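Contents: one structure, followed by commentary.
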Amino acid sequence: MVKRVEIPKGDEEFRPLGIPNIYDRLVQLCFKQILEPIVEKRFYKNSFGFRPERSAEHAIATCYHMINIAKLHFVVDIDIKGFFDNINHKKLIKQLQRFKSIDKKTLSLIKGMLKVETLLLEIKK
């Protein structure tokens, strides 16, 4: 079970945040350590969001390089509102199935993690 809390995002706006229990967090970390090197190879080298050993500073340095050396002058910055809350789980699993080194048992466990129940908690002010 995942606890869901609403955290302040701005004026009168709140964003839901899921907080897994310690056991689930440990299991997720184990999956991350195994799967990350497998899927990381397929990502574009100039994609910087939520990736290991990449930061906003790396993205800015790449932009400066592209402007000054490659004479390219367009930057795409995308932030899809609620992306992780609305991602299609069937399509995600289908993409993971393309990796031959990810077995059916692992995919089954990932499906279970994606369907975990949430319990909404209220933060006392």
By average C-beta atoms within 10 angstrom, highest first, the peptides 29-41, 77-89: 29-41, 77-89
J(HN,Hα) series, the range 7-18, from Karplus relation 6.51 cos²θ - 1.76 cosθ + 1.60, nearest Hz, glycine and proline x: 10, x, 10, x, 5, 6, 10, 10, 10, x, 10, x
Å² per residue, accessible surface of the range 46-125 at 1.4 Å: 92 Å²
Furthest towards positive pole of dipole, I69, S101, I34, structure part the range 8-107, Cβ charges: S101
Size of electric dipole in the chain: Cβ of Lys, Arg +1 and of Asp, Glu -1, about Cα centre, debye, nearest 20: 740 debye
The chain, relative contact order [Cα under 8 Å, separation at least 6], %: 37 percent
S108 - accessible surface, heavy atoms, 1.4 Å probe, Å² rounded to 10: 70 Å²
Sum of -39500 (n - 2.57) over DSSP H runs of 4+, divided by residues of the chain (222 nm, nearest 500): -13500 deg cm²/dmol
M1 accessible area, assembled protein chains, probe 1.4 Å, Å²: 100 Å²
Carbon + sulfur, % of accessible area of the range 10-125 - ligands and nucleic acids excluded, 1.4 Å: 59 percent
Cα-based convex hull, the chain, per residue volume (Å³, whole number): 164 Å³
Cut-off under 5 Å, modelled amide H: who pairs with R4 long-range: I19, L119, L120, L121
Inter-probe distance in nm under a simple model that places probes 7 Å from Cα toward Cβ, at F50 and I80: 1.0 nm
Cα-centred dipole magnitude for the range 38-110, charges only on beta-carbon of K, R (+1) and D, E (-1), debye, nearest 20: 560 debye
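The values are calculated or read from the model by the stated rules, or taken from the named source; none is laboratory data. Predicted model only: the values in this text are computed from it and were never measured. FYI the Cβ positions are ideal-geometry reconstructions off the backbone, even for glycines, and counts take in every protein chain you see. Areas reflect the complete protein model, heavy atoms only, side chains present, ligands, DNA and RNA absent. Shrake-Rupley method; radii C 1.70, N 1.55, O 1.52, S 1.80 Å.
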